[in-house]
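Structure, as structure tokens:
Derivation of every value follows stated rules applied to the coordinates shown; laboratory data play no part. Treat the numbers as computed from the prediction; the structure is a model and nothing was measured. Cβ sites come from the backbone with ideal geometry, for glycine too, and all protein chains shown count toward neighbours.
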Amino acid sequence: MFRPLRERKFPQLTRKGFLVHKPERNVIEAVSATLRHPLLLIVAGFILTGMVGTALQYQHQENEKSKDAVAKSMDDVRKSIDDFAGSFSEYDLRTNRLLWVMSHKPTQPSLDKAVEQYDASFSRWLMSREIDTTIVDHAVSERRDTITGGYWSNIEAASKRLDACIEENLASPGPAYINFQPAVICHLSKEKSVSAPILLGNIARCVRVYVMAVRPNPRNDFESFSYSFWQSKMIAAMDAYELPEICNDSAFEKN
């Protein structure tokens, strides 16, 4: 629709040239033009980049903290298992030494020294078992009692049985022989007896199974392990050492 001629605005001639009357824009057009301004887009881009970058950096830092916590926890588990294995190795060495001394007509000074070293290593191993296996159990599974509870009760019972056997033989040494060789004999029951070195060997096998099964591989620190995972590792370790069950009493009664 055309406006009347008198209502139209024409350019006015001034000393500086024609003065052009620009049409008035409404608020929406003004805001739209402002938002399309290149400078505003640049500023908005910087602001959004800063916000997104800050959020991503915070998330990255939180992820790194979480990974560091997991790695430290797994390092603690590995250290505990290594300490436990080391203390048992010393106990195994000192026990074998004492059994050898007892079966070869020792002098009293040599026997006293062997007993002293055995007692110290046995105490350290029991202490390590209490501290280190508690740390490991908490890291292995929420159902740790079903994985290692019975396992460790049998190993502890066997080690105390061996200790009692050594005490009995020290108190009343007798002429016990196996294949015409002097030996320290442990009476498991009225019908069953086994030499102390064999009993110690069975305990050592069970400890090796435990260490092999539960020591985490550093490559798997950030994996999520379930109860079935640890159970399968224990079964695989038992199969490797040909143990029919998790070191139950039958494993300690072989002779």
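Work out how much length residue 58 to residue 104 would gain on full extension: take 0.36 nm times their residue separation and subtract the Cα-Cα distance, in nm to one decimal. Show your work: numbers first, answer last.
Values: separation 46, 0.36 × 46 = 16.56 nm, distance 6.91 nm.
Length difference between fully extended and current span is 9.7 nm.
For the pair residue 167 and residue 117, label points projected 7 Å from Cα toward Cβ lie 2.3 nm apart.
Residues whose amide H comes within less than 5 Å of that of residue 195, counting only those at least five positions distant or on another chain, are 186 (H built at 1.01 Å from N in the peptide plane). Pairs 160/190; 160/192; 113/160; 105/192: which exceed 29 Å Cα-Cα? Cα-Cα > 29 Å for no pair; all within. Maximal additional length on extending the residue 82-residue 198 stretch stands at 39.3 nm, based on 0.36 nm per residue less the C-alpha distance.
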